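The values are calculated or read from the model by the stated rules, or taken from the named source; none is laboratory data. Note that the structure is predicted; figures quoted are calculated from it, not measured. Cβ sites come from the backbone with ideal geometry, for glycine too, and all protein chains shown count toward neighbours. SASA here: full protein model, heavy atoms, side chains in, ligands and nucleic acids out. Shrake-Rupley method; radii C 1.70, N 1.55, O 1.52, S 1.80 Å.
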Amino acid sequence: MTQLAAHARATQASDTDFERHLLAALEHANLPTLLACVVQLTGDFSLLEGRFRPTETRGPGDHDHAGLSEAVQAELRELAADVALAQRRGELKPAEPLTPTEVGHILSSVLGEHVPEIQNELFAEELGVVSRATPVIDAENGEEATDVLVVGTGFSGLCAAIRLAEAGVPYTVIEKNPAPGGTWQENIYPGCGVDTPVHLYSFSFAQRPDWPRYFAKQGEVRDYLHELAQSYGVNEKTIFRTELERAVWSNEDQRWHVILRGPDGTRREASYRVVISAVGLLNRPAHPAIPGLDEFPGPVVHTAAWDERLDLTGKRVAVIGTGASAMQLVPAIAGIAGEVQVYQRSPQWIIPNPNTNVPVEPAKQFLMAEYPGYLAWYRLRAAWNFGDRLHPMLRIDPEWPHQERSINADNERHRKFLTGYIERQLPGRPDLVAKCTPTYPPYGKRPLLDHGWFEALLRDNVELIDRGVATIEGNQVITSAGESRTADVIVLATGFQTLNMLAPMEIVGRSGVTLREAWGTDDARAYLGMTVPDFPNLFILYGPNTNAGHGGSHVLSVEMQVRYVLQALKRMAQRRLSSLECRPEVFERYNDDLDEALSGSIWTHPGMTTYYRNSKGRIVTNIPWTNAEYWRRTRWFQPSEFVETPEAASAEASA
């Protein structure tokens with residue numbers, strides 16, 4: 001047999017094997033996603049208007065069968081197979097690239113609901129039909145990149161490092177931990193995982209088709225970040241076990257002079273033209289000031305500083321807090337501990353999702369890896385369903401008559417749905433229903449996924465105490481009502497110091513004022529969440545008012561911010577600038593607009609306390625706008641909004 005004939009036979013066998021796997025996988029396909037792929041591959045938009053058009057998605061879940069009859073489902077799968085096989089054989093005429101308007105049209109059609117036009121350009125980027133590439137320094141034409149220090153290696157730091165390398169910008173990363181990953185390296189408590197679909201909670205430029213579950217666990221996200229740090233060469237540029245202790249801006253040489261503290265406490269000095277903070281919000285654990293806690297005779301552990309050696313088998317465990325970490329921890333330890341006491345100051349709204357604890361079927365993994373566009377469209381549907389689709393529910397309708405329990409008609413509809421879910425999960429337990437049903441409107445606090453929370457509460461060895469902890473006396477945990485219970489272990493599920501941003505770093509600006517003095521202890525502000533007047537060449541990722549409290553992926557916001565920073569660095573290289581500094585009037589105008597928009601948001605509701613607000617009631621962490629609006633505001637760096645100092649001018653000033 002000739003080599004050509006052997007190759008042809010091997011190719012034929014390979015195609016036959018692929019077809020067999022494809023046909024089997026299509027039986028498990030998400031049909032709205034599949035339809036979007038077929039339309040993109042063929043350019044046949046008429047498919048969206050006929051019998052294949054999905055019904056509107058109702059409730060949580062992926063709506064896999066699209067509301068279609070079994071016969072139409074089979075027909076769509078057959079068409080999808082023919083299209084994919086024809087494309088694989090080179091027999092399918094390539095369709096014209098989609099425009100942003102066409103992306104919005106397809107998405108609206110397969111969702112069965114209207115997606116506002118403002119989303120189109122953002123979603124075209126997410127799909128990959130419009131580039132999200134960051135600018136590159138053109139050294140051949142005389143552009144000279146400046147040196148950059150990146151602080152942190154979570155999603156923000158890794159994204160910055162990867163894009164800096166692609167742009168040809170020299171950089172150094174410091175990381176306080178022994179490995180990259182940020183909060184996903186640190187938080188190892190039982191049950192820890194994401195509350196955002198992981199296909200969305202990953203970089204657009206590093207999508208992974210083989211995620212083992214829809215909502216990944218901590219170790220899976222950590223490994224993803226480790227792989228990225230290794231494959232993109234970030235580890236080689238990172239100094240681990242090192243923290244930024246102090247950074248001082250020098251007007252003389254237009255550089256940040258920093259003190260870096262190593263693992264043994266030794267300090268060394270260095271200087272960089274630009275500093276990028278990528279420490280984020282979920283960085284430093286918040287410890288409650290409970291009298292007697294320090295004298296508790298047993299182990300006291302914070303979820304963000306979990307001790308892997310801690311054995312809870314048969315122990316009486318007191319869990320203080322009922323936020324996101326407790327929602328994951330309690331179901332994970334309920335079958336191990338002898339007794340679990342859960343201390344709750346206020347209940348949380350909990351959202352069901354049928355995929356929360358479900359593995360991704362091998363068939364769907366195959367489609368995500370092999371069917372053209374499947375992963376991208378699946379991700380795009382999630383970007384809408386878990387993102388800006390929810391935004392209208394968080395805006396206060398001043399005419400709504402039931403402000404004490406909800407803020408608009410959509411919010412009320414969700415309140416009824418979520419209340420019904422609580423009642424269905426706790427049958428025959430009106431006592432637990434009363435304890436678990438919030439009185440404030442849905443989404444007033446961070447919405448949480450049900451990881452088996454209600455199932456855990458129904459166990460005989462789990463008790464929900466709807467009182468805060470007043471004091472600890474010996475091994476007795478005493479509530480604000482004076483009730484006392486014995487504990488062997490105390491777990492602090494009390495979150496992070498989200499308002500004390502960039503702590504404990506000391507950052508001294510151009511005028512000699514520290515960032516802490518400019519902000520106070522809990523009132524951080526920045527233009528676009530990234531830059532602050534008097535602090536030239538300092539860029540903050542995942543900074544003040546950049547958290548999408550209505551939903552969506554933190555990773556999407558990070559990619560927007562990193563592109564903006566790279567555009568700023570490109571500007572510095574093009575114009576040979578020694579510094580860029582946000583103009584005070586731009587900063588003030590932006591924050592006035594932001595605060596005005598926030599005043600109409602659910603997070604101002606008086607019915608709950610939330611880590612979103614500071615001591616004066618100002619919302620510090622969340623952004624009031626949609627993801628699409630923030631994308632628009634950060635899409636292009638605007639030089640007119642910054643004071644630019646040319647290198648020549650700074651050299652003359654220092655002379």
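Structure data summary
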{"item": "Which listed residue, of 634, 626, 621, 609, is polar (S, T, N, Q) and open to solvent by 50 Å² or more (accessible area, probe 1.4 Å)", "result": "609"}
{"item": "Number of the exception - residue 173 against (1) part of a loop (DSSP other than H, G, I, E, B); (2) open to solvent by less than 10 Å² (accessible area, probe 1.4 Å)", "result": "(1)"}
{"item": "Extreme residue, nearest to residue 444 (Cα to Cα), among residues of segment 510-532 that are out of contact with any Pro (no Cβ under 9 Å at 6 or more places or on another chain), assigned to a helix (DSSP H, G or I) and open to solvent by 20 Å² or more (accessible area, probe 1.4 Å)", "result": "516"}
{"item": "Residue within segment 293-306 that is in contact (Cβ under 8 Å) with a residue 12 or more places away in the chain, buried (at least 22 other Cβ atoms within 10 Å of the Cβ) and either assigned to a loop (DSSP other than H, G, I, E, B) or in contact with a helix residue (DSSP H, G or I) (Cβ under 8 Å, 6 or more places away or on another chain) (or both) present", "result": "yes"}
{"item": "Segment 120-170, residues that are closer than 30 Å to residue 106 by Cα and either touching a strand residue (DSSP E or B) at 6+ places or on another chain (Cβ under 9 Å) or not in a helix (DSSP H, G or I) (or both)", "result": "128, 129, 130, 131, 132, 133, 134, 135"}
{"item": "Number of positions in segment 55-76 that are within 14 Å of residue 38 (Cα to Cα) and in a loop (DSSP other than H, G, I, E, B)", "result": "0"}
{"item": "Residue 227 surrounded by fewer than 20 Cβ atoms within 10 Å (Cβ to Cβ), in a helix (DSSP H, G or I) and of a type in the set (D, E, K, R)", "result": "yes"}
{"item": "Qualifying residue in segment 533-540 (condition: part of a strand (DSSP E or B), modelled with pLDDT of 95 or more and among the polar types (S, T, N, Q))", "result": "no"}
{"item": "All positions within segment 230-254 that are without any contact (Cβ under 8 Å) to a residue 40 or more places away in the chain and either part of a loop (DSSP other than H, G, I, E, B) or open to solvent by less than 60 Å² (accessible area, probe 1.4 Å) (or both)", "result": "250"}
{"item": "Failed item in (1) open to solvent by 10 Å² or more (accessible area, probe 1.4 Å); (2) in a loop (DSSP other than H, G, I, E, B); (3) in contact (Cβ under 8 Å) with a residue 12 or more places away in the chain, with residue 470 passing the rest", "result": "(2)"}
{"item": "Residue list for segment 407-445, restricted to those being part of a helix (DSSP H, G or I), open to solvent by less than 60 Å² (accessible area, probe 1.4 Å) and polar (S, T, N, Q)", "result": "411, 419"}
{"item": "Set 504, 544: member being outside any helix (DSSP H, G or I), touching a Gly at 6+ places or on another chain (Cβ under 6 Å) and either of a type outside the set (Asp, Glu) or under 30 Å from residue 166 (Cβ atoms) (or both)", "result": "544"}
{"item": "Checklist (1) in a loop (DSSP other than H, G, I, E, B); (2) open to solvent by 10 Å² or more (accessible area, probe 1.4 Å); (3) under 24 Å from residue 288 (Cα atoms); (4) not basic (Lys, Arg) applied to residue 451, failing item", "result": "(3)"}
{"item": "Those residues of segment 351-392 which are within 20 Å of the chain's Cα centre (by Cα), open to solvent by less than 20 Å² (accessible area, probe 1.4 Å) and more than 15 Å from residue 208 (Cβ to Cβ), in sequence order", "result": "352, 356, 377, 380, 381, 383, 384, 387, 388"}
{"item": "Out of 475, 461, sole residue that is touching a strand residue (DSSP E or B) at 6+ places or on another chain (Cβ under 6 Å), open to solvent by 40 Å² or more (accessible area, probe 1.4 Å), farther than 26 Å from residue 282 by Cβ and not basic (Lys, Arg)", "result": "475"}
{"item": "Answer residue from segment 582-597, given it is among the hydrophobic types (A, V, I, L, M, F, W, C) and within 15 Å of residue 533 (Cα to Cα) and is surrounded by the most Cβ atoms within 10 Å (Cβ to Cβ) among those", "result": "582"}
{"item": "Test for residue 201: is it within 30 Å of residue 331 (Cα to Cα) and not acidic (Asp, Glu)", "result": "yes"}
{"item": "Test: residue 572 is assigned to a helix (DSSP H, G or I), hydrophobic (A, V, I, L, M, F, W, C) and either touching a helix residue (DSSP H, G or I) at 6+ places or on another chain (Cβ under 6 Å) or surrounded by fewer than 19 Cβ atoms within 10 Å (Cβ to Cβ) (or both)", "result": "no"}
{"item": "Segment 347-386, subset among the hydroxyl-bearing types (Ser, Thr, Tyr) and modelled with pLDDT of 95 or more, residue farthest from residue 316 (Cα to Cα)", "result": "371"}
{"item": "Within segment 77-103, tally of residues that are surrounded by 14 or more Cβ atoms within 10 Å (Cβ to Cβ), in a helix (DSSP H, G or I) and within 34 Å of the chain's Cα centre (by Cα)", "result": "6"}
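Results for (1) open to solvent by 50 Å² or more (accessible area, probe 1.4 Å); (2) modelled with pLDDT of 95 or more; (3) among the hydrophobic types (A, V, I, L, M, F, W, C), shown as yes or no for each residue.
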{"residue": "105", "(1), (2), (3)": "yes, yes, no"}
{"residue": "111", "(1), (2), (3)": "no, yes, yes"}
{"residue": "118", "(1), (2), (3)": "yes, yes, yes"}
{"residue": "124", "(1), (2), (3)": "no, yes, yes"}
{"residue": "178", "(1), (2), (3)": "yes, yes, no"}
